[in-house]
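Down below is the structure, laid out as structure tokens.
The values are calculated or read from the model by the stated rules, or taken from the named source; none is laboratory data. Since we're looking at a predicted model, the values are computed, not measured. No Cβ is skipped: glycine too gets one built from the backbone with ideal geometry, and neighbour counts run over all protein chains shown. Please note that ligands, DNA and RNA were not included when accessible areas were found on the heavy atoms of the full protein model with its side chains. Shrake-Rupley method; radii C 1.70, N 1.55, O 1.52, S 1.80 Å.
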Amino acid sequence: MNIYQDIVSAKKEVKKLLAVLIDPEKIDIKKIPSFFEKIHQSIATHIFVGGSTDKNNQTEKVVSAIKKATNLPVILFPGDVQQITNTADGILFLTLLSGRNPEYLIEQHIKAAPVLKQTDLEIIPTGYLLIDGGNETAVQKVSHTKPISQNNVDLIVHTALAGQYSGKKLMYLEAGSGATVPVDASIINEVKNQLSIPLIVGGGIKTKQQLKTAYQAGADLVVIGTAFENDESFFNDLRK
Ligand code: 1GP
């Protein structure tokens, strides 16, 4: 499995990707097999596992159960170094470029480095931009950083470009889990036009129409968590 190359190929072929985000704090491990039956009938292509926090250290257990239930690539989307487990296939090595908190710009990365060195995880350097989704989200609270306003398109684009020039291989536009409003299509479109690396968009996407809008605006991979947590029948709307 080469997760990154597959994302790049999909982008070239304009084959849109969908990641289901599983929060280890919220999922009931017993329900993973039935949850994945639904995922497999849907257009989902990737599984992201992570959350801003994992108070009970469930990530490893959850990822092991997921690996038994699926052949889809399982990628860590960690809130911090505690959420690293070798049982996954890869990790988004996130840098919170929209914020100015050194903890999420470099400190966590230094703590993670010796841990990652001991794993076989595919490490994907990812620029992570928190964009204002209309409400205060967990990322904002935990990272103690402010999101960029959706009105400040230049700052968003310039930050994303700076990330690409610094060597990030993916760019993630994040409105935050449970955002009231997702990242606007015009912003996705502008970032898409300026960047050459694949673009991930997530936060607050709860309908098939919003998913379609994000894809049409230029998202290569969309991440959805809350909408599936709240209503598994949403998978029926996204059947293959
Ligand atoms: C959050 O982008 C993801 O990190 C998904 O957000 O839970 O709102 O789908 P939702």
Taking the stretch 187-240 and keeping only residues that are assigned to a loop (DSSP other than H, G, I, E, B) and either of a type in the set (Val, Ile, Thr) or near the ligand (Cβ under 9 Å from one of its atoms) (or both), one is left with 197, 203, 204, 205, 206, 207, 225
Can you report the number of residues in the stretch 80-108 which are part of a helix (DSSP H, G or I), in contact with a strand residue (DSSP E or B) (Cβ under 7 Å, 6 or more places away or on another chain) and either open to solvent by less than 40 Å² (accessible area, probe 1.4 Å) or β-branched (Val, Ile, Thr) (or both)?
1
Kindly provide the set of residues from the stretch 84-129 that are of a type in the set (Val, Ile, Thr) and in contact (Cβ under 8 Å) with a residue 40 or more places away in the chain, ordered by number.
95, 124, 126
Might you let me know whether the stretch 165-186 holds any residue that is open to solvent by less than 50 Å² (accessible area, probe 1.4 Å), away from the ligand (no atom under 16 Å from the Cβ) and either of a type in the set (S, T, N, Q) or at pLDDT below 95 (or both)?
no
Go over the candidates 32, 7 one by one and state the one that is in contact with a helix residue (DSSP H, G or I) (Cβ under 7 Å, 6 or more places away or on another chain), within 19 Å of residue 77 (Cβ to Cβ) and not basic (Lys, Arg).
32
Say we look at the stretch 114-158 and pick out the residues that are basic (Lys, Arg) and part of a helix (DSSP H, G or I); which of these is surrounded by the fewest Cβ atoms within 10 Å (Cβ to Cβ)?
117
Select from the stretch 1-59 the residues that are away from the ligand (no atom under 16 Å from the Cβ), at positive phi and modelled with pLDDT of 95 or more and list them in ascending order.
14
